[in-house]
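Trainee: Can you read through this structure? Questions will come right after.
The values are calculated or read from the model by the stated rules, or taken from the named source; none is laboratory data. Note that the structure is predicted; figures quoted are calculated from it, not measured. Cβ atoms come from the backbone with ideal geometry, glycine included; neighbour counts cover every protein chain shown.
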Amino acid sequence: MKKLVTKMSVFGSADSARKEKEKENQKFVQSINLDDQQVLQPSQINIGPLIGKGGFAKVYSCTLNGEPAVAKVIDSQRMNEEMTYLLTNECTIWARLKHRNICSFFGMAPTSQAVLLICELLPDGALQDKLEQLRDKRAAPPSVRHLVTQLQQISSGMEYLHSLDPPVLHRDLKSANILLAEGGDRLAIADFGLARYQAAQGKKMTAETGSYRWMAPEVIRHEEYDQRCDVYSFAILAWEMLTYKVPFTDMMPVEAAFAVAREAKRPAIPPALADSPTYSPINLMLTTCWHQQASKRPPFSAISTALEEELHLIDDVQSSETPEPAIAVGE
């Protein structure tokens, strides 16, 4: 009888602990001030195969109310104060974003063991993987029209982020954080773990934030920075998409950062592309957007306009070069 009572006591204690942890996770989700439809119930989610994992989270394909989605399952037992802060920041910003070229945030669900973050599934993977495939195949450079179309989508998403009040800085724009859908025709910006609202003038944000190979010189140098740091990263991303290469592969990341910040080093544009009149608008955009002085980089509103104008110009030229259709037999 005594053993039975002890067993029941242990089970009761474990059950009580689970309920307490679930309450804590519910309180955490509530603290993010999500819209009602973004506070999800575990019963709405059906977890599928594992597709990735990180330090304190695993990523699964899933369904939300029967529709395909992605679940980031965050182990609440392993979350410390810093992780809680970072996750709160990420979800607070991401939950308020709505744009075709930004991966959609669907909501969060608390359980007794984890917090589930549910977002849009972009089934064609990361742009980084696509570029690696093209590099391995030694594929020809992208057509200017194809590249401009893709860059226009990324610029549109970034223009939206920077138009918010206060502006949202992504701070980690690179090919690994661009996801693909619709057979690769749709590009969407993802991963808002390092995103921040623009600080008030005179207040500094965290230095050396992001990935060194894509990081703007003023961020590396611990100087005050603003939205233009994302414009620099966009230029390095555009170089990736033009060449299919990883920037500064002949250097360690920290070496690359030092060369960028102190020597104004930039990844080289291959001579065949640098000397080509066809690619001259892209090359001009790169050199303008990765200017060493942040104040001389254009805002994304100007970049989007320039890319749209370039696309119209390309289409007009191609249209004028298209021969008249032959007259159909019988006319």
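Trainee: On the basis of being within 29 Å of residue 242 (Cβ to Cβ) and out of contact with any helix residue (DSSP H, G or I) (no Cβ under 7 Å at 6 or more places or on another chain), does residue 129 make the cut?
Mentor: yes
Trainee: Would you confirm whether or not region 306-323 contains a residue that is crowded, with 21+ Cβ neighbours inside 10 Å, in contact with an Asp or Glu (Cβ under 9 Å, 6 or more places away or on another chain) and either of a type in the set (S, T, N, Q) or in contact (Cβ under 8 Å) with a residue 60 or more places away in the chain (or both)?
Mentor: Looking through region 306-323, none of the residues is crowded, with 21+ Cβ neighbours inside 10 Å, in contact with an Asp or Glu (Cβ under 9 Å, 6 or more places away or on another chain) and either of a type in the set (S, T, N, Q) or in contact (Cβ under 8 Å) with a residue 60 or more places away in the chain (or both).
Trainee: Can you tell me which residue within region 146-201, out of those that are over 16 Å from residue 93 (Cα atoms) and among the hydroxyl-bearing types (Ser, Thr, Tyr), is surrounded by the fewest Cβ atoms within 10 Å (Cβ to Cβ)?
Mentor: The selected residue is 149.
Trainee: What single numbered condition from (1) part of a loop (DSSP other than H, G, I, E, B); (2) farther than 27 Å from residue 104 by Cβ fails to hold for residue 205?
Mentor: All conditions are met except number (2).
Trainee: Give the residue that is surrounded by the most Cβ atoms within 10 Å (Cβ to Cβ), with candidates limited to residues of region 256-273 that are within 25 Å of the chain's Cα centre (by Cα) and outside any helix (DSSP H, G or I).
Mentor: Selected residue: 267.
Trainee: Return the residue satisfying two criteria in turn: it lies in region 57-95 and is of a type in the set (Val, Ile, Thr) and in a strand (DSSP E or B), and of such residues it is farthest from the chain's Cα centre (by Cα).
Mentor: Here the residue is 63.
Trainee: Among (1) touching a Phe, Trp or Tyr at 6+ places or on another chain (Cβ under 6 Å); (2) under 15 Å from residue 121 (Cα atoms); (3) modelled with pLDDT under 95, which single condition is residue 105 missing?
Mentor: Here residue 105 clears every test but (3).
Trainee: Something else about it: Could you pull out the residue among 219, 231 that is among the aliphatic types (A, V, I, L, M), modelled with pLDDT of 95 or more and over 27 Å from residue 133 (Cα atoms)?
Mentor: 219
Trainee: Starting from residues that are surrounded by 12 or more Cβ atoms within 10 Å (Cβ to Cβ) and modelled with pLDDT of 90 or more, keep the ones in region 14-30 and report whichever is nearest to residue 91 (Cα to Cα).
Mentor: 29
Trainee: Something else about it: Quick one: count up the residues across region 96-127 that are within 19 Å of the chain's Cα centre (by Cα) and assigned to a loop (DSSP other than H, G, I, E, B).
Mentor: The number of residues fulfilling the criteria is 14.
Trainee: Please count how many residues of region 42-56 are of a type in the set (Gly, Ala, Ser), exposed (fewer than 10 other Cβ atoms within 10 Å of the Cβ) and either modelled with pLDDT of 90 or more or assigned to a strand (DSSP E or B) (or both).
Mentor: Qualifying residue count for the region: 1.
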